[in-house]
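Inspection log for the structure reproduced underneath, given as structure tokens.
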Amino acid sequence: MIIRKGEEERFAGVKNLRDLSRMIAGQGVGWSDAEILGHNNLNVLTAGNVGTLMDMLIHSRFDYFPRGALQISTELETHQNKPVVMEQGLLLRYPNMTALYVNAHNLPLAERLRYGLKTAFQDGSFEQFFNSHPSSIAAMQNINLDKRKVLNICNPILPGWVPVNNGKFWLEPWPDKYQEDACHKSE
């Protein structure tokens, strides 16, 4: 999360989702994250783009700006002249995914991509690529994920076909509660 510089102690007092629900998150209009946070009883204020949201955070329109592990370092660097910092003790975590879509009429391309990704995953080259990519390296080194209090939440808009119950597809397996249909769409 990105927070205002000087409010680190305030967030050190957050021990669970109930504590966090007393604060307001900032998210972009139309971003799926806003719906996910709201579904989990977290207060959300939505507005324009990242720059606008940073300015709103600085001016106390909301309390924190949740960002993805692959986004936060770059965004803090972009806005380094602003009085914002990365919150150091919490991790708001929910199952999410990146999908690659192709034209529905281009079945050969879809099949080739499926085959290539499956092969890369099985032979370990996907994990090797992921772990050596500069964004992944920055996320793992700069964020200290292993030293944070993890606050898991449900993703009610996650498609049912996403393999939440298959731990090999995630950095760490999801607790049983987050694998249940009540926590995401079932199709």
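The values are calculated or read from the model by the stated rules, or taken from the named source; none is laboratory data. Being a predicted model, the structure only gives us computed values, none of them experimental. All Cβ positions, even for glycine, are placed from backbone atoms using ideal geometry, and neighbour counts span all protein chains on display. The protein model used for the area step is the full one, side chains on, heavy atoms only, and it has no ligands, DNA or RNA in it. Shrake-Rupley method; radii C 1.70, N 1.55, O 1.52, S 1.80 Å.
Being among the β-branched types (Val, Ile, Thr) and closer than 28 Å to ARG10 by Cα: is that true of ILE157 here?
Working: among the β-branched types (Val, Ile, Thr): yes; closer than 28 Å to ARG10 by Cα: no.
So ILE157 fails the test.
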Do we find that PHE62 is in contact with a Gly (Cβ under 8 Å, 6 or more places away or on another chain), surrounded by 13 or more Cβ atoms within 10 Å (Cβ to Cβ) and in a loop (DSSP other than H, G, I, E, B) in this structure? yes
Could you list, in sequence order, all residues of the range 67-116 that are assigned to a loop (DSSP other than H, G, I, E, B), farther than 16 Å from LEU57 by Cβ and either of a type in the set (S, T, N, Q) or open to solvent by 60 Å² or more (accessible area, probe 1.4 Å) (or both)? LEU70, GLN88, ASN96, MET97, THR98, LEU100, TYR101, ASN103, ALA104, HIS105, ASN106
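Report whether or not THR119 is open to solvent by 90 Å² or more (accessible area, probe 1.4 Å) and among the β-branched types (Val, Ile, Thr). Break it down stepwise before answering.
Working: open to solvent by 90 Å² or more (accessible area, probe 1.4 Å): no; among the β-branched types (Val, Ile, Thr): yes.
Answer is no for this residue.
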Identify, by number, the condition in (1) over 14 Å from LEU151 (Cα atoms); (2) without any contact (Cβ under 8 Å) to a residue 12 or more places away in the chain; (3) among the acidic types (Asp, Glu) that ASP63 doesn't meet. (2)
Selection from the range 22-66 of residues that are in contact with a strand residue (DSSP E or B) (Cβ under 9 Å, 6 or more places away or on another chain), of a type in the set (Ser, Thr, Tyr) and more than 14 Å from MET1 (Cβ to Cβ): THR46, THR52, SER60
